[in-house]
Amino acid sequence: MGNPVEVIQSVKLDDENSTLILLDQTVLPNETVFLELKEMEDVWDAIYQLKVRGAPAIGIAAGYGVYLGTKKSTADTYEELYSDFLKVKEYLASSRPTAVNLFWALNRMDNRFKKEVGKSVPEVKAALKEEAELIRAEDEKICESIGQYALSLLEPGWGILTHCNAGTIATAKYGTALAPIYLGQEKGYDFKVYADETRPLLQGARLTAWELQQAGVDVTLICDNMASIVMKEGKIQAVLVGCDRVAENGDTANKIGTSGVAILAKHYNIPFYVCAPLSTVDLECKTGDDIHIELRQSEEITSKWYEKPMAPKEVKTYNPCFDVTDHSLITGIITENGIAYAPFNESLPKMFKSTK
Ligand SMILES: CSC[C@@H](O)[C@@H](O)C(=O)COP(=O)(O)O
């Protein structure tokens with residue numbers, strides 16, 4: 001048996017000071033900086049700039065952002081407060097488009113607001129805080145449950161490839177795709193994890209390699225274009241990734257490059273699993289074609305990581321931040337309520353009804 005794994009908490013509320021404490025993921029692994037955010041504009045900016053990132057963590061931050069923004073309202077009545085709340089909600093919804101957890105969390109805060117009808121302004125504000133805290137606390141349990149289901153599919157000593165960062169800092173705790181790694185680590189499973197660097201923002205190199213190394217996991221960093229060779233060499237027995245939105249048919253949006261990894265895994269006959277809290281499953285999207293893919297600035301490709309430009313001046317760029325993995329490439333979608341297999345448009349809706 002290994003030791004219990006200590007993980008860092010990347011999003012939390014300092015209630016006494018009405019402050020959201022966020023681990024700034026843009027400066028990792030060189031610096032560990034916790035930001036103290038008091039304004040909803042700061043929360044918007046942190047989401048937009050990827051200071052907080054990863055679908056569940058974005059949802060958690062948005063819940064707290066709604067609370068902080070609405071708390072500032074000087075409204076005297078429930079109705080006036082709701083009108084201010086809606087402005088906060090709409091504003092935060094414009095921060096990033098792809099991870100459905102953002103909209104899921106905002107709608108959940110909205111539903112909670114509506115449940116408090118007839119209550120005083122301070123009571124509603126307190127309810128919003130409670131709901132934001134619940135979103136965070138529930139995510140911890142969800143991640144643990146995803147981790148247990150995922151672990152049941154893996155064997156000690158396996159090589160596991162992951163893309164981007166679906167780890168503890170992308171969630172309340174444990175992560176989604178990395179949760180079974182942490183749970184396996186506690187049981188002495190001795191996984192060999194291969195982390196794709198994940199161009200252009202290097203979530204794999206800067207974040208996944210960092211957090212797994214901190215936890216004592218055997219992690220090897222590879223460039224994205226090395227996934228094929230490690231698969232061919234027999235180093236990989238399973239691929240585990242997180243996701244930003246899963247459509248009803250199982251098509252899955254995740255960090256750019258994920259669909260290429262899935263195509264390679266199919267070629268080498270390696271199981272490809274998506275770890276998805278139900279807050280990331282969007283049954284209103286029928287297929288991946290309905291998912292809005294975020295486009296980001298060209299600087300991320302041309303000049304971000306070196307002092308000198310990395311590309312000729314004014315070269316045309318195309319920088320989609322996510323891609324959609326076709327459901328036919330996915331072996332299983334691991335949720336907190338169990339593992340969904342094809343046909344996903346039948347198995348995914350059932351996950352919402354199942355209780356453990
Ligand atoms: C548990 S996090 C799952 C996904 O959100 C993650 O894999 C991902 O693609 C994150 O993208 P990012 O642009 O860094 O927010």
Among T77, T176, T220, whose mean-square fluctuation peaks in a Gaussian network model of the chain (Cα, cutoff 10 Å)? T77
Could you work out how far apart the two model spin labels at E346 and E130 are, taking each label as a point 7 Å from the Cα in the direction of the beta carbon, and quote it in nm? 4.2
Given an 8 Å cut-off on Cα distances and at least 6 residues of separation, report the relative contact order of the chain as a percent. 16
Amide H of R199 versus every other amide H placed in the peptide plane: which residues, excluding those fewer than 5 positions away on the same chain, fall under 5 Å? D224
Derived scalar couplings ³J(HN,Hα) [region 118-123; Karplus, 6.51 cos²θ - 1.76 cosθ + 1.60; whole Hz; x for Gly, Pro]: x, 7, 6, 4, x, 5
By Cβ neighbour count within 10 Å, fewest first, T252, T331 rank T331, T252
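At 0.36 nm per residue, minus the direct Cα-Cα distance, what do N269 and N225 gain on full extension? Give it in nm, one decimal, please.
Details: separation 44, 0.36 × 44 = 15.84 nm, distance 1.83 nm.
Stretched fully, the N269-N225 segment lengthens by 14.0 nm.
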How large is ³J(HN,Hα) for each residue in region 273-289, as worked out from phi by the Karplus curve 6.51 cos²θ - 1.76 cosθ + 1.60 (θ = phi - 60°), to whole Hz, x for Gly and Pro? 10, 9, 9, 9, x, 5, 5, 9, 8, 10, 5, 6, 7, 6, 9, x, 4
Go through T168, L28, A209 and say which Cα lies farthest out towards the positive end of the charge dipole of the chain; charges sit on Cβ, +1 for Lys and Arg, -1 for Asp and Glu. A209
Cβ neighbours within 10 Å, averaged per peptide: list 189-199, 313-323, 86-96, 273-283 in order, most packed at the top. 273-283, 189-199, 86-96, 313-323
Per DSSP H run of at least 4 residues, take -39500 (n - 2.57); add these up for the chain, divide by its residues and hand me the 222 nm value, nearest 500 deg cm²/dmol. -11500 deg cm²/dmol
Cut-off under 5 Å, modelled amide H: who pairs with T335 long-range: A276, A340
Using the alpha-carbon centroid of each, what span in Å lies between region 270-292 and region 127-155? 17
Which one, P156, P312, P200, has the greatest fluctuation when you compute a Gaussian network model over the chain with C-alpha springs under 10 angstrom? P312
Residue-wise, which Karplus ³J(HN,Hα) couplings in Hz belong to region 300-317, taking 6.51 cos²θ - 1.76 cosθ + 1.60, θ = phi - 60°, and x for glycine or proline? 4, 8, 9, 8, 6, 9, 10, 5, 8, x, 9, 7, x, 3, 6, 5, 5, 10
Contour excess over end-to-end distance, with Cα ends at K115 and V27 and 0.36 nm allotted per residue: 27.7 nm
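About the Cα centre, and with charges only on the beta carbon of Lys, Arg (+1) and Asp, Glu (-1), how big is the dipole of region 11-143? Nearest 20 debye, please.
Numbers: 18 positive and 24 negative charges, 80 e Å.
Value, rounded to 20: 380 debye.
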For the pairs K266/K316; K266/K353; K71/K119; K38/K119, note any where the Cα-Cα span goes beyond 22 Å. K266/K316; K266/K353; K38/K119
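Please report the relative contact order for region 11-143, taking Cα pairs under 8 Å with a sequence separation of at least 6, and give it as a percent rounded to a whole number. If you can, show how the numbers build up before the last one.
Details: 179 pairs, mean separation 31.2, N = 133.
Relative contact order comes out at 23 percent.
Quote the charge dipole size of region 106-204 about the Cα centre in Debye, to the nearest 20; the model charges only the Cβ of Lys and Arg (+1) and of Asp and Glu (-1). Kindly include the intermediate steps, with their values, before the conclusion.
Values: 13 positive and 15 negative charges, 70 e Å.
Its charge dipole is roughly 340 debye.
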Measuring from the longest principal axis of the C-alpha atoms of the chain, the long axis of helix 78-93 (C-alpha) lies at a number of degrees, nearest 10, equal to 30
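Please compute the net charge surrounding V88, taking Lys and Arg as +1 and Asp and Glu as -1 over other residues with Cβ under 10 Å from its Cβ.
On the way: positive: K71, K72, K87, K89; negative: D84, E90.
Local net charge: +2.
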Under 10 Å, Cα contacts only: if you run a Gaussian network model on the chain, which one of S228, S83, S328 comes out with the highest mean-square fluctuation? S83
Would you pull out the residues with amide H under 5 Å of D218's amide H, same chain only if 5 or more places away, H placed 1.01 Å from N? V193
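Using unit Cβ charges (K, R positive; D, E negative) and no other charged atoms, how large, in debye to the nearest 20, is the dipole of the chain about its Cα centre? Don't skip to the answer; put the middle values down first.
Working: 37 positive and 51 negative charges, 108 e Å.
Value, rounded to 20: 520 debye.
Can you sort E346, E116, E294, E336 from fewest to most other Cβ atoms within 10 Å of each residue's own Cβ?
E346, E294, E116, E336
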Which value, to two decimals, describes the C-alpha radius of gyration of the chain once divided by 2.2 N^0.38 Å? 0.98
If the label point sits 7 Å along Cα→Cβ of K316, residues of region 256-271 with amide N under 18 Å come out as none
Normalised alpha carbon radius of gyration of region 1-126 [divisor 2.2 N^0.38 Å]: 1.13
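We did not get these values from a lab; they are worked out from the coordinates using the rules stated. Predicted, not measured: the structure shown is a model, and the values here were computed from it. Reconstructed Cβ throughout: ideal geometry from the backbone, glycine too, with neighbour counts over all protein chains shown.
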